[in-house]
Each structure stands twice: as structure tokens, then as C-alpha cells.
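A short worksheet on the structure shown next.
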Amino acid sequence: MQYNTSRELLKIREYGRGIHSMVKQLCTIEDREQRQRNAEAIIEVMAILLPQQKAVEDYRHKLWDHLFLMADYQLDVDSPYPIPTFEQKQRRPDPLPYPKNRLRWNHFGKKFEELFERAMNEEDEAKRQGYISVLILFMRIAYSNWHKENVQDDMLRDELLAMSKGKLVWEPGTRFAETVDTSEIPTISGVRQTEPKQQRRFYNKYSNGGNGGNGGNGGNRSFRPNKFAQYKKKK
């Protein structure tokens with residue numbers, strides 16, 4: 001009896017020892033036409049054994065690469081794709097160009113800093129107020145994600161003032177919808193398609209109809225109409 005620990009290690013375990021034995025036998029066939037037919041038959045068996053490979057784009061290219069890998073790149077057959085080599089497999093990938101700049105506020109992220117720089121460099125006061133409203137909305141959502149509680153408007157105003165050294169001033173009474181034109185955004189059942197879930201929660205929690213998310217019944221109703229009342233009206 002032979003144990004797997006005493007046998008040759010498999011190149012790709014997903015195909016099993018049967019496919020590796022077939023590939024090993026394929027390399028010993030001298031007739032090129034017969035070797036080509038057998039190689040194509042093995043590719044079909046490999047596709048049957050791993051049907052999840054079909055979800056990969058151009059999965060047959062991957063199957064042919066696996067065939068040459070299991071044959072130690074010594075297989076002499078015609079492939080519909082470029083034949084890989086051992087040197088290509090051993091070549092190390094190029095290092096990724098990671099950004100070297102450090103974030104000033106890690107909990108807000110890079111996009112927040114980009115919007116912050118635009119707001120600092122904007123000369124038009126109306127556009128600057130729009131950027132400030134977006135920054136405040138971003139800060140409010142980030143605060144609720146980290147602390148799971150409501151944040152006071154004065155805290156956001158003071159923090160933005162400290163971050164901008166007094167250049168970006170936000171009035172707590174200003175709302176996001178007053179500074180950003182959202183009339184062009186299409187809506188479905190009262191919920192805007194382009195608004196993320198966190199932003200919709202912000203509208204529900206801090207809209208004029210709600211009570212700051214503390215059990216108010218006006219904020220959510222503007223986005224979730226009473227279906228029972230509609231049904232009763234039709235009757």
C-alpha cells in the first residue's frame with residue numbers, strides 16, 4: 001500500500017492525482033497528433049472537475065496554463081494561448097506604487113482631505129459653503145460610525161474651525177440641501193438613488209421632520225410612506 005506522503009507532491013492539488021498521472025503519461029506520447037488530441041481531452045476533463053473556473057474571464061486560458069505547469073513546462077503541444085515558461089512563473093511581480101503621503105486625519109480618510117483642500121482653495125464663497133456642508137455631512141457620518149451616538153453641531157463647527165485654522169466657518173442652521181442643488185437627482189418612492197445608506201440615515205435622523213434620531217416620528221415617515229394608509233385610500 002502506498003501512502004500519499006510517500007508519493008510525488010502534486011503541482012495543483014485541486015485537480016487530484018488522476019489528472020497529474022494523465023499529464024505525466026501525456027508527456028511520454030511520441031506521436032504529436034495523438035499528444036495534441038489527448039491534451040485537448042485533458043483540458044475538457046479539467047473543466048469538468050473545476051466548474052467554478054468558468055466564472056473566471058477567459059477560463060480556458062487558465063486551464064492551459066495549469067496544464068503546462070503540471071507538465072513542468074516540458075509539454076510540446078499547440079496551445080490557443082501564449083505558452084508560459086518557467087522563467088515567467090519565477091519572475092517576481094513589480095512592486096505596487098503605494099502612496100507615500102501621510103493622512104492628517106486617518107479616521108476621515110483621503111477623500112475627506114481632498115474635499116478639505118478644495119474648500120480651502122475655493123475663492124467663490126457660495127461654492128465654499130457647499131464644500132463646507134459636504135465636509136460637515138462627512139464628519140457627522142464618520143462620527144456616528146465610530147461612536148454610535150449623536151454629535152452636537154457646535155462640536156462639528158469647532159472641530160472644522162480648528163482643522164482649517166479659522167478659515168472654514170459653518171453655521172449650524174445650514175442644511176445640506178440648502179447649499180447643494182439636488183433637484184436634478186431622480187427619485188424612487190421618495191428616496192434618492194444616488195444617496196448612500198449612511199447619507200439617507202443622516203437625512204432621516206437630522207431632517208426638519210425628525211427629532212434628531214431620538215424617537216422622532218417625522219424624519220422616517222418622509223422616506224417611508226404609510227403603505228396601509230395608501231391601501232385604505234384605494235378601498
Exercise for the section: Output yes when any residue across the range 128-141 is outside any loop (DSSP other than H, G, I, E, B), at pLDDT below 85, exposed (fewer than 10 other Cβ atoms within 10 Å of the Cβ) and not hydroxyl-bearing (Ser, Thr, Tyr), and no when none is. Expected result: no
Handout entry: In the range 14-60, the residues that are among the aliphatic types (A, V, I, L, M) and free of Cβ contacts under 8 Å to residues at least 12 places away in the same chain
Key = ILE29, ALA41, ILE48, ALA55, VAL56
Fill in the blank from the handout: Checking GLN88, GLN74 in turn, the sole residue that is at pLDDT 80 or above and surrounded by 10 or more Cβ atoms within 10 Å (Cβ to Cβ) turns out to be GLN88
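The values are calculated or read from the model by the stated rules, or taken from the named source; none is laboratory data. The structure presented is a predicted model; accordingly, all values stated were derived computationally and were not measured. Methodologically, a virtual Cβ is constructed for each residue, glycine included, from the backbone with ideal geometry; neighbour enumeration extends over all protein chains shown.
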